[in-house]
Amino acid sequence: ITRRGVTHDIDILQADRAVREILSHYPNINGAVAAYMDQIPYNFEDRLEVLDIGARAITFLTPSTEDMAVMKLYAERPQDIQDLDSAAASGRIDWKLLDRLVHDPDEAQAAALSERRYREMVGAYQRFRGRAGK
C-alpha cells in the first residue's frame, strides 16, 4: 500500500526490456506481475502517482492506494489483509474512491477475468469494511 506505507517488494507492471534486465538482478523486484492485471481497476492509469525517489533518468509511478487495495482484495493473502488493515487504521484510504473502484462497472469489474472472481473480491471488500468499522 502506498502513500508512505511499508512495502516488502517492488512489482513492475511496465518497463523497457533493458530496465527489466537490470532490475532482474534484485531479489525484491518482481517483473512478472503483468499476469495479474485483471486484479487492478481498469482505469488505474488515471490515478498513477509519481514516486519521488531521486531518480534522474527513470520516472517511477505507483498505483493509488485505493488501486493497490483492490489488488490486495483480489489476492486476499494474509500479508495483503494485514497491509489493508494497516492502511485503514492509519487513515490512508479514501473510502469513497475505493467504494467506487470496487463497484463501478468500468473499474474493477471491467478488469476481472470472470464474474466469480469479481464477486469474491467484493466479498473480501465487505469483510475489509467490516474489520475497519466502515
Stretchable slack from ALA75 to ALA55, in nm (0.36 nm times residue separation minus alpha-carbon distance): 4.2 nm
With all protein chains modelled, accessible area of LEU51 [1.4 Å, Å²]: 80 Å²
Around ALA112: net Lys/Arg minus Asp/Glu count, Cβ-Cβ under 13 Å: -3
Simple label model, 7 Å out from Cα along Cβ direction - GLU21 to LEU97, nm: 3.7 nm
Cα shape, the stretch 19-134, gyration tensor, a/c 1.5 rule: prolate
Solvent-accessible area per residue, Å², over the stretch 32-91 with all protein chains present [probe radius 1.4 Å]: 56 Å²
The stretch 51-134 - percent relative contact order, Cα under 8 Å, separation 6 or more: 32 percent
Hz values of 3J(HN,Hα) by residue in the stretch 92-97 - Karplus curve (6.51, -1.76, 1.60), Gly and Pro given as x: 8, 9, 8, 5, 5, 5
Amide H partners (placed H, <5 Å) of GLU49, local residues excluded: THR62, SER64
The stretch 80-134: C-alpha gyration tensor shape, a/c 1.5 cut-off, then a/b vs b/c: prolate
Per-pair calculated FRET efficiency, R0 = 25 Å: ARG131 and ASP104 via Cβ, rounded to 0.05: 0.65
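The values are calculated or read from the model by the stated rules, or taken from the named source; none is laboratory data. Computed from a prediction, not measured in an experiment: that's the story for all the values here. Virtual Cβ from ideal backbone geometry, glycine too; neighbours counted across all protein chains shown. Accessible surface areas use protein heavy atoms only, side chains included; no ligands, DNA or RNA. Shrake-Rupley method; radii C 1.70, N 1.55, O 1.52, S 1.80 Å.
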